[in-house]
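Here the structure is laid out as structure tokens; the discussion comes afterwards.
Every number here is computed from the coordinates shown, using simple stated rules; none is lab data. As the structure is a prediction and not an experimental result, all values here were calculated from the model. Note: ideal-geometry Cβ built from the backbone for every residue, glycine included; neighbour counts use all protein chains shown.
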Amino acid sequence: MIHAAFGGLTPPSGVLKETVADFARRQREGFVLVAMVDERFAGSMFCAVKDGALYLTRMATHPDWQKRGVGRALMAAAEQEARAMHLPKLLIRVRKNLPGNLAYFSKLGFAVTGEGADPGRPPYDVMERAL
Ligand SMILES: CC(C)(COP(=O)(O)OP(=O)(O)OC[C@H]1O[C@@H](n2cnc3c(N)ncnc32)[C@H](O)[C@@H]1OP(=O)(O)O)[C@@H](O)C(=O)NCCC(=O)NCCS
């Protein structure tokens, strides 16, 4: 499901090289939220505490379910979890070459607070949403 969601990105996302073991490791570092429709995975989001925030990675909605509110529901669940953990904000990294995602997270209330780049990977904006 995650590979299907990220499959259309250019240049290809590093997610596509990740295996079940990688996703399991990510889950152990925090927790994963999943959206189900009729017992099938429609979306997911990995969450971990980082820099005093709930850090969200690999947010994905299956292509069959995009733009139907799954992402918004995942974000609402992440907000609920962060509040329960008394964390003051949500944090996400958004690749600079994906302006659609910048627009998407802006619409969900996030603002750019920084930027960065990992070796060999496209640069990204750091976006945060205060709770
Ligand atoms: C980003 C992603 C998770 C969004 O999930 P989604 O389930 O389609 O999002 P939603 O349906 O909840 O959209 C919420 C709102 O944003 C809007 N929206 C969706 N995609 C958008 C975009 N690219 N730009 C601007 N707005 C967008 C929707 O129309 C909706 O608006 P509404 O609530 O007023 O109707 C999904 O497009 C995806 O899996 N993309 C590929 C993987 C990826 O890039 N993940 C993010 C990594 S940082």
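Computed quantities for the displayed model
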| quantity | calculated |
| --- | --- |
| Under the span-like rule (Cα at least 15 Å along the axis, Kyte-Doolittle mean at least -0.5), DSSP H helices of the chain | 70-84 |
| Relative contact order of region 2-130, defined on C-alpha pairs under 8 angstrom at six or more residues apart (%) | 18 |
| Cα-based reach from K107 at 22 Å (exclusive), listing lysines while leaving out same-chain residues under 8 positions away | K67, K89, K96 |
| Exposure proxy ranking, count of Cβ atoms within 10 Å, fewest first, for K17, K89 | K17, K89 |
| Helix-derived mean residue ellipticity, 222 nm - over the chain, DSSP H n ≥ 4, -39500 (n - 2.57), to 500 | -8500 deg cm²/dmol |
